[in-house]
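What follows is a single structure, written as structure tokens, with notes after it.
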Amino acid sequence: MQLSPCTLCPRNCKTDRNAGINGFCSLSNELKIFCTNLHFGEEPPISGTKGSGTVFFSGCNLKCIYCQNFAFSQRNSGEIFSTQKLADKMLELQNRGAHNINWVTPTPQLPYAVEALKIARDNGLTIPLVYNCGGYESTEILKLLDGIVDIYLPDAKYFHNETAEEFSFAKNYPEINRAALKEMYRQVGALKTDKNGIAEKGMIIRHLVLPNNVSGTREILSFIANELGTDVPISLMHQYFPTHLAVGHPTIGRKITWEEYHTALEWFDEFGFDSAFVQEWE
Ligand code: SF4
């Protein structure tokens, strides 16, 4: 996996990161981590009862104007780690009882992440690896992860190019995302859990319902049902609130309404999916 010129993600910046130059993702040639911790807010098969061993990587290859994590995804907060230190942190999370290691937005730092994983595996890390990402992934790079990743947890953010460009500066997100989801499904299939309902292998696709249906919810659900299968669990999220550059935005400057979420649930039923993770409306 090459950092110079960098082609780790579909941006294809071709930035010379080994020379210390930052790419679109705000990263150069150092491993940067925002934090590691047990996380209990993921879907039940991921968080379980003991928590998901989460590694929040700094930087991101998307620049969503509503990102809740913009402090470390776009403003590059974080701490420089060695690969040995990251390996030690992952082993520590396992020792604290984590059901899995959950890499959040690892793509721009994959060479370091994979190196750290190898060190950790060689030293007793046995729990599954979750690849938790924005879904803007190169199929070629994903193929290199075949056999390394146990569980994919990608977003499917947009179906339409105009909205992908307007809200995440990634016009080709829809085509790239659809190809990436297919490759992930090819590698791991639908979700498999142990007798306690904890994920062992497979995928869950996350979809954040945005105001005024700018995310193209029905079309995304149709694609997943028809091209992957109705056995793929969907996490249908209504937690959106305007933050960062979305505050006061004319289209997405508000939370979604109950009617918007209810409509999304009706579309989910229309396509006959086997299972969903649906958030309670409060
Ligand atoms: S990982 Fe970063 S530097 Fe590399 S292609 Fe993607 S955005 Fe550009």
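Details
- A single member of LEU8, LEU91 is away from the ligand (no atom under 16 Å from the Cβ), at pLDDT 95 or above and aliphatic (A, V, I, L, M), and it is LEU91.
- GLU227 passes every criterion in (1) out of contact with any Leu (no Cβ under 6 Å at 6 or more places or on another chain); (2) open to solvent by less than 30 Å² (accessible area, probe 1.4 Å); (3) among the charged types (D, E, K, R) apart from (2).
- Selection status of ILE33, touching a residue at least 60 places away in the same chain (Cβ under 8 Å), more than 14 Å from the ligand (Cβ to nearest atom), under 26 Å from LEU245 (Cβ atoms) and touching a Leu at 6+ places or on another chain (Cβ under 8 Å): no
- So PRO106, is it touching a strand residue (DSSP E or B) at 6+ places or on another chain (Cβ under 8 Å) and within 16 Å of the ligand (Cβ to nearest atom): yes
- Flag if GLY197 is part of a loop (DSSP other than H, G, I, E, B) and without any contact (Cβ under 8 Å) to a residue 60 or more places away in the chain: no
- PHE81 falls short on exactly one of the conditions (1) closer than 14 Å to GLN109 by Cα; (2) under 16 Å from the mean Cα position of the chain (by Cα), and that condition is (2).
- If only residues of the range 155-166 that are buried (at least 22 other Cβ atoms within 10 Å of the Cβ) and touching a residue at least 12 places away in the same chain (Cβ under 8 Å) are counted, the one that is farthest from THR193 (Cα to Cα) is THR163.
- For the range 179-191, the count of residues that are touching a Leu at 6+ places or on another chain (Cβ under 8 Å) and part of a loop (DSSP other than H, G, I, E, B) is zero.
- Checking the stated criteria, ILE65 turns out to be away from the ligand (no atom under 16 Å from the Cβ), surrounded by 18 or more Cβ atoms within 10 Å (Cβ to Cβ) and part of a loop (DSSP other than H, G, I, E, B).
- Criterion: modelled with pLDDT of 95 or more, away from the ligand (no atom under 15 Å from the Cβ) and surrounded by fewer than 19 Cβ atoms within 10 Å (Cβ to Cβ) - qualifying residue of PHE70, PHE40: PHE40
- When the range 122-147 is limited to residues that are open to solvent by 40 Å² or more (accessible area, probe 1.4 Å) and either touching a Cys at 6+ places or on another chain (Cβ under 9 Å) or under 22 Å from PRO45 (Cβ atoms) (or both), the one that is nearest to the ligand (Cβ to nearest atom) turns out to be ASP146.
- Scanning the range 120-141 for residues that are under 19 Å from VAL55 (Cα atoms) and under 17 Å from the mean Cα position of the chain (by Cα) yields PRO128, LEU129, VAL130, TYR131, ASN132, CYS133, GLY134, GLY135, TYR136, GLU137.
The values are calculated or read from the model by the stated rules, or taken from the named source; none is laboratory data. Fair warning: this is a prediction, and the values are worked out from it, not measured in the lab. Virtual Cβ from ideal backbone geometry, glycine too; neighbours counted across all protein chains shown. Quick note on the areas: whole protein, heavy atoms, side chains included, nothing else; ligands and nucleic acids left out. Shrake-Rupley method; radii C 1.70, N 1.55, O 1.52, S 1.80 Å.
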